[in-house]
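To start, the structure under review is shown below, and the notes come after it.
The values are calculated or read from the model by the stated rules, or taken from the named source; none is laboratory data. Note that the coordinates shown come from a computational prediction; the quantities given were computed from them, not determined experimentally. Using ideal geometry, Cβ is built from the backbone for each residue, glycine included, and neighbour counts are taken over all protein chains shown. These area figures cover heavy atoms from the full protein model, side chains too; ligands, DNA and RNA do not enter into them. Shrake-Rupley method; radii C 1.70, N 1.55, O 1.52, S 1.80 Å.
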Amino acid sequence: ADESSGYESESAGGERAAAAGGSRGRQRRARTAFTSEQVCRLEKTFQRQKYLGASERRKLAAALQLSEIQIKTWFQNRRMKLKRQI
């Protein structure tokens, strides 16, 4: 498994995703398993600012070896978690 990309093996979870979701030829990507270091850095950044600009997102993605979409999605999910807690 390539730990640096943050992606799990497509082939490992692909069959389960197809069976559970009844895919129409297009399989869902396996869930990203963030490392504890990545989560720690994301949480620290979130404490400072709840929203990231494009350049900040690009820098953070490069530093954590994640895609910008993964960073954007993590921040969206984290904001929703905060909203539910309040």
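A Cβ distance below 6 Å, combined with a sequence gap of six or more or placement on separate chains, defines the contacts here; from the stretch 70-84, residues that are at pLDDT 95 or above reach residues that are assigned to a helix (DSSP H, G or I) in the pairs I71/R57; I71/L60; I71/A61; W74/L42; R78/F46.
If the condition is being open to solvent by 50 Å² or more (accessible area, probe 1.4 Å) and among the β-branched types (V, I, T), then the stretch 70-86 contributes T73, I86. Summed over the stretch 32-69, the residues that are of a type in the set (A, V, I, L, M), loosely packed, with under 11 Cβ neighbours inside 10 Å and either under 12 Å from the mean Cα position of the chain (by Cα) or within 17 Å of L82 (Cβ to Cβ) (or both) give a count of 1.
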